[in-house]
Amino acid sequence: MATKPTRRMALTTFVIPAGHHKDSWRKEGSRIEEVPGLEYVAELTLMAEAAKIDAVFFGDIANANPTLRGDIKTNGYFEPISTLSALAARTTSIGLIGTMSTSFESPYTVARQIAGLDHMSGGRAGWNLVTSFDGFQNYGFESIPEPAERYRRATEFAEVVRQLWDSWGDDAVIADRENGNFIDPSKVRKINFQGEYFSVEGPMPGPRSPQGQPVIVQAGSSGPGLELGSSVADAIYTAQPDKGRAIEFYAELKRMLVGKGRNPEHTKVLPGILPIIGETLKEAEELAAELGSYVNLEHGRQQVSAGLAGVDLSSLDYDEVIPVEWLSEDPALGSRYQVFRRRVVDQKMTLRDLIVDMARSAGHQWIIGTPQTIADSMIEWFEAGACDGFNLNSPYNPGGMKQMCELLVPELQNRGYARTEYEGTTLRDHLGLPRPTA
């Protein structure tokens, strides 16, 4: 008899109604005509909630550049705050994580909006903290700041947000009807923050949120990203297609957390995974081939060029190997760039190979198999110290979400690696995170 695991995986899902596999919206039954719109995305979210997944996650890109390159997967069609606020009213338990960029927004606005979502959802909000590398012209910037500057701004931005979230004590609201006092003013403080980028008086205009501080998720695996994530994040989204490298990344992050006096158990590492699922391996392989057949190769050429920092691929035939000397080892190009560079170097990929690989993965691990074999691989990573769980990427929708929630997650539940019921009411409860004190 197999022994039950001593801990569970954290599981979130990246909701992309058009499907995480590029051009999977061309598949019959995709419901692409309903993008953007509430009913379809609510159905996908309710599937995830029925599977007792910790949270849904909505990314965001504040420009139309990917769409103009033919990539409607990676887009800003579902603006996170408006989308998640609507979903808060349609759901009861699942966490709601949304992206807001530190490159464009005001920390006071982000603090208010994420705290507001936390109140509206009864403590289920999370903020995916990112820097941006595109779209600056939409916000009045003449050029894109260097990565180091973007991360300095992001670090200061996060500090302002967290101070604002703590500017009201948990017991600030006294609702004293007899004397007419709603708050105890001594429990509300100005933060008077002065930094390199921001000057913020505070306090927040309303009470502390149900979770104290909403969950902070940070997406980035580069050196500056690791530094930021290890300082402020409750969870890390990361692209780790190779188990060995994932183990190294996990160990390094946990070391950094300990070095900063943080409990390493209180920051969850969640690599993305794209499962292409069939009831048999043959069925899964046929589905993978079908999804690959929908990829528009010319759009893919543009998308690969953008993913490789603008390298000119116009002279390459689709079945030519991408010359290694065209690619740089410069770490400033980012961790995702280096994932693709290593694939070209290690696997001698042709342009066609990389187009299809990028269409499936966007740099994440992708796996073709049955619910049992995919669960085997996920458990192997989890037990090997490569992760604390996964961010599940549905390859196509709505069918892929249905397969993940009705085939893959139940397999993990049956083996004791995923919950069968929500034990708590907040996202912090789901992730096993403590509530910060003010």
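Going through (1) farther than 30 Å from Pro264 by Cα; (2) surrounded by fewer than 20 Cβ atoms within 10 Å (Cβ to Cβ) one by one, Asp376 falls short only on (1).
A single member of Pro205, Pro210, Pro275 is surrounded by fewer than 19 Cβ atoms within 10 Å (Cβ to Cβ) and either over 21 Å from Met378 (Cβ atoms) or modelled with pLDDT of 95 or more (or both), and it is Pro205. The single condition from (1) in contact with a helix residue (DSSP H, G or I) (Cβ under 9 Å, 6 or more places away or on another chain); (2) touching a residue at least 12 places away in the same chain (Cβ under 8 Å); (3) not aromatic (Phe, Trp, Tyr) that Asp184 fails is (1). For region 400-417, the condition of being more than 16 Å from Glu279 (Cβ to Cβ), in contact with a strand residue (DSSP E or B) (Cβ under 7 Å, 6 or more places away or on another chain) and buried (at least 18 other Cβ atoms within 10 Å of the Cβ) holds for none of the residues.
In this structure, is Leu68 over 15 Å from the mean Cα position of the chain (by Cα) and over 26 Å from Arg162 (Cα atoms)? Criteria met by Leu68. Counting only helices (runs of 4 or more DSSP H) that sit wholly inside region 303-406, those with at least 3 residues that are touching a helix residue (DSSP H, G or I) at 6+ places or on another chain (Cβ under 9 Å), of a type in the set (Lys, Arg) and modelled with pLDDT under 90 are 335-347.
Once region 285-306 is narrowed to residues that are hydrophobic (A, V, I, L, M, F, W, C) and in contact with a Leu (Cβ under 9 Å, 6 or more places away or on another chain), the residue that is surrounded by the most Cβ atoms within 10 Å (Cβ to Cβ) is Val304.
Considering region 379-395, the residues that are among the hydrophobic types (A, V, I, L, M, F, W, C) and crowded, with 20+ Cβ neighbours inside 10 Å include one that is farthest from Glu252 (Cα to Cα), namely Leu392. Number of residues in region 258-272 that are aliphatic (A, V, I, L, M), over 24 Å from Asp346 (Cβ atoms) and buried (at least 19 other Cβ atoms within 10 Å of the Cβ) equals 1. Suppose we keep only residues that are within 20 Å of Tyr396 (Cβ to Cβ) and among the polar types (S, T, N, Q) within region 61-82. Which one would you say is surrounded by the fewest Cβ atoms within 10 Å (Cβ to Cβ)? Checking each candidate, the answer is Thr67.
Residues checked against (1) part of a helix (DSSP H, G or I); (2) farther than 19 Å from Ile114 by Cα; (3) touching a residue at least 60 places away in the same chain (Cβ under 8 Å):
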residue	(1), (2), (3)
Glu149	yes, yes, no
Arg152	yes, yes, no
Ala158	yes, no, yes
Glu178	no, yes, no
Ile191	no, no, no
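Total residues in region 160-173 satisfying the condition of being of a type in the set (Lys, Arg) and either assigned to a loop (DSSP other than H, G, I, E, B) or in contact with a Ser or Thr (Cβ under 6 Å, 6 or more places away or on another chain) (or both): the figure is 0.
Only one residue in Glu329, Glu325, Glu286 is closer than 16 Å to Arg360 by Cα and not polar (S, T, N, Q), so which one is that?
After applying the criteria, what remains is Glu286.
Please work out which residue is surrounded by the fewest Cβ atoms within 10 Å (Cβ to Cβ), limiting yourself to region 418-438 and to residues that are assigned to a helix (DSSP H, G or I) and charged (D, E, K, R). Checked region 418-438; the qualifying residue surrounded by the fewest Cβ atoms within 10 Å (Cβ to Cβ) is Asp429. Tell me, please, whether a residue that is basic (Lys, Arg), exposed (fewer than 13 other Cβ atoms within 10 Å of the Cβ) and over 29 Å from the mean Cα position of the chain (by Cα) can be found in region 190-198. Scanning region 190-198, I find at least one residue that is basic (Lys, Arg), exposed (fewer than 13 other Cβ atoms within 10 Å of the Cβ) and over 29 Å from the mean Cα position of the chain (by Cα), so the answer is yes. Inside region 233-251, residues that are within 25 Å of Pro436 (Cα to Cα) and either buried (at least 22 other Cβ atoms within 10 Å of the Cβ) or in contact with a Lys or Arg (Cβ under 6 Å, 6 or more places away or on another chain) (or both) make up a count of 7. Pull up region 117-147, narrow it to residues that are assigned to a loop (DSSP other than H, G, I, E, B) and charged (D, E, K, R), then point me to the one that is farthest from Arg428 (Cα to Cα). That would be Glu142.
With respect to Phe57, determine if the residue is among the hydrophobic types (A, V, I, L, M, F, W, C), closer than 17 Å to Ala219 by Cβ and at pLDDT 95 or above. Against the criterion (among the hydrophobic types (A, V, I, L, M, F, W, C), closer than 17 Å to Ala219 by Cβ and at pLDDT 95 or above), Phe57 qualifies.
The values are calculated or read from the model by the stated rules, or taken from the named source; none is laboratory data. These numbers come from a predicted model, not from an experiment. Note that each Cβ is placed from the backbone with ideal geometry, even for glycine, and that neighbours are counted across all protein chains shown.
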